[in-house]
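Working notes, beginning with the structure itself.
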Amino acid sequence: MSATTTLLIEIGVEELPTKAVTHLADAGRDLWAQALANAGLTHGDIEALATPRRLAWRIRDLATRQSDQKIERKGPALAAAKDQDGNWSKAALGFAASCGVDVAALAVEDTPKGKWLMYYGEQPGQSLEALLPDLFRHVCDNLPIAKRMRWGDHEQSFVRPVLSLVALADARVLPLEYFGVKAGRETLGHRVHHPQAVAIASATSYEADLRGAHIIASHAARMESIRAQVEAKAAALGGVAVIPPALLAEVASLTEWPVAIAGSFDERYLAVPQEVLITTMQDNQKTFAVVGADGKIRPHFIAVANLESADEAAVRKGNEKVIRPRFADAEFFWQQDLKHKLADYLPRLEHVVYQEKLGSVAAKTRRLEALGRALAPVCGADAENVATAARISKSDLLTEMVMEFPELQGLMGRYYAAAEGYAADIAAALDEQYQPRGAGGALPQTRTGLALAIAEKLDTLVGGFAIGAKPTGSKDPYALRRMAISLIRLITENELALPLGEWLGKSAAQYDAALGAPIHVAAVREYILERLDSHYREQGIRSDATGNLHIIRALEQHASQAHFILVTSMGCGEQWDMMSEPFKQALGEAVRAKTEAEIYLKQSSLNWTILRPCGLADGDGNSYNLTLHDELLIYRSGVLDMKTPNETETLAIPGDGLLLEPGRLYLGRTVEYTRTDAYVPMLEGRSSTGRLGLCIHVTAGFGDVGFAGYWTLEIFCIHPIRIYPGVGICQIYYHTLAGAYDPYRSGKYQNNTGIQPSLMYREFER
């Protein structure tokens, strides 16, 4: 077993861009893994560690040397390796020279094609120390740096000027020089608390050594430190901190030694919508808001400094001083916007371009108004309210607040509409039209908002495809992929009966004829259905089952008294374990999809029946033909005893048929496995077989309600007759029930797996 070490590589730099800290560290981890694999060096975990002033990677259990490589090379044929005098030919001498050995060191190997010269050797593996410069260069040169910088007189470039390099194998410094900097064990300490260099004792002591210099090396550890401090400060103020994951990660990328500090602001600003205050805190000041148990904002915030100040009060006042003018601006925007009505902005929207080929924002609102009005009955909304909401849906785009904080589009419309006295559902719809705003985001809570949100998605998708903006790969400038997924959620989670093609056509009809939007309807529909497939797969539901799911949902909503008969397949549900491996491999996906539909139906509020046919053909009336399996059972004894199990033997029915003898009982079974709930099954022989003197299932023609299994057939013939496997042997009928019933669940013949002889002897054992 080769020796291993723990390798630490750290690049100390000038302050990194916030978004680059974890992005480059994580990318570097993948690049190290790639480089080590290419070099044939085995390793354990690779850790990415990063602060605003350093990128570091620690690789555990790293092999200190490559394995020796065995070399095998085939040379010229022996016949061509010597001349007629027995001297080595130029071909043989040249091959030996290329292998770095004398020709006498070559081997001769017998092969089916004759004797050949061979070279067998061994190339010693290189040490980690020798390989490190190339490995490091590979990582640095391939990091996804958007804009590289050059400094000094060397050729290398990086995201920021490099100030230090650390390269340690356990406690030993490795020779490495790059960016004009020679590697050692010293790195950068905290700018204020530890301005002098920090010596790293070993690769494993890295975090502890840095912590002594007021540096928390792990980004994840800094996040947890910030979270704990912010939550504690908020609790001390009698509130709860609002900690968005993105803001938490960003603040951790801005600090090396985070220290939370609570601050306050004038309560007069609480008259401004709290979302505005929270947004400016998070976006502009990188601070955390504090809310009460009621969810309403409190006049406090929590900032995170990058040092422990000797005068915390001064730091607090500094943050309060900076946040005050931001809030004053927000207050001014709010008060100015309240002086205008949303309808006042409509003429100006005629001059705001939505998209060059799709016209103005005002044109979009008119399309939404027409489409929303049509959608209202489907969504259970008031058509006039939807039309009103659509008409003013984009007015807030021209408000001072939204121009300052574009991410508040829709939300501010809701506030302004409520202040203006619009109905609550109309005001809510101005915000809900953009929902869901992200993966797993909230859906509209009002029917007006639901109708407007669907209209918004339909219009955006049709318009996007009409101008040739269909998403390709990672390119999706109009976020049509997100629109499609949002539309799917709006329809499916609200259980709407919404024919997709029809409503896409209605949306397309709202555009100018010159655009030719209707010809793109089919492509939009196909694209949405592709997303639907992915949507259900993410939930563990296969697309083959979704059609049934939609039908079941629609019936629950619009025809709750309906009786749903689901025809699925052999192998579904409890039959799965009985199926052969080739069956599972060939049809497994389809059967699982059908099983999902069965499960969903059973969990629904509908009355239901499940049929699991296999090769059933339509029979006469309300019957189906069942087919004969390729095996029969016969009793060995000439005398049968009800009290004891009677021995049987199996007869195979070959493809060319089996001759049945008169006066003898044969037991067969159906190929098909059936199950019924809420119906009485009845089995009878076909008239065509009866006319040949073949009697099928002459006793107990009725099955029990709830019976599940293969049907064992009692067969005898009046005349000798040849039978064949797979022949339509009998018919099954289903009869409705009136009143309550007890389903057959635990009978002795339930869920059988093949032909069953009589089990009557069990009755004598009771």
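A few comments on the model shown:
- Take each peptide in 5-12, 457-464, 717-724, 129-136, count the other Cβ atoms within 10 Å of every residue, and average; sorted highest first, the result is 457-464, 5-12, 129-136, 717-724.
- When MET223, MET118 are sorted by how many other C-beta atoms sit within 10 angstrom of their C-beta, beginning with the fewest, the order is MET118, MET223.
- Positive-end ranking of ALA522, LEU632, VAL671 along the dipole of the chain, with charges on Cβ about the Cα centre, is headed by ALA522.
- The modelled label-to-label distance between LYS321 and THR204, using points 7 Å beyond Cα along the C-beta direction, is 5.0 nm.
- Mean separation of Cα pairs under 8 Å and 6 or more residues apart, divided by the residue count, gives the chain a relative contact order of 6 percent.
- Alpha-carbon centroids, region 363-378 and region 379-448: separation in whole Å: 14
- Of the residues TRP334, TRP88, TRP151, the one with the fewest other Cβ atoms within 10 Å heads the list, and the complete ranking is TRP151, TRP88, TRP334.
- For region 359-490, a crude dipole built from +1 on the beta carbon of Lys and Arg and -1 on the beta carbon of Asp and Glu, taken about the Cα centre, is about 640 debye to the nearest 20.
- About the centre of its Cα atoms, the chain shows a dipole size close to 720 debye [charges on the beta carbon of Lys, Arg (+1) and Asp, Glu (-1) only; nearest 20 debye].
- Cβ-based exposure ranking for SER225, SER637, SER393, SER309, in which fewest neighbours within 10 Å come first: SER637, SER309, SER225, SER393
- Farthest positive-ward along the chain dipole, Cα basis, beta-carbon charges - from THR5, ILE226, LEU555: ILE226
- Listed candidates [x] -0.90, -1.10; [y] -0.61, -1.17; [z] -0.80, -1.33 - label of the one calculated as log10 I(q)/I(0) by the Debye sum over Cα atoms at q = 0.07, 0.10 Å⁻¹: [x]
- Region 70-121 shape via C-alpha gyration tensor axes, a/c threshold 1.5: oblate
- Estimated vicinal HN-Hα couplings, Hz - region 290-298 in sequence order (Karplus 6.51, -1.76, 1.60; Gly, Pro = x): 10, 10, x, 4, 7, x, 8, 5, 9
- For ASN607, the residues whose amide H sits under 5 Å from its own are PHE564, ignoring neighbours fewer than 5 places away on the same chain, with H placed 1.01 Å from N.
- Dipole magnitude for region 70-121: computed about the Cα centre from +1 point charges on Lys and Arg Cβ and -1 point charges on Asp and Glu Cβ, it is near 180 debye.
- Positive end of the dipole of the chain (Cβ unit charges, origin at the Cα centre): among PRO325, SER264, PRO112, the Cα lying farthest that way belongs to PRO325.
Laboratory data are not the source of any read-out in this text; all were calculated from the coordinates shown. Just so you know, these numbers come straight off a predicted model, no measurement behind them. As a convention, Cβ positions derive from the backbone with ideal geometry for all residues, glycine included, and neighbour counts pool all protein chains shown.
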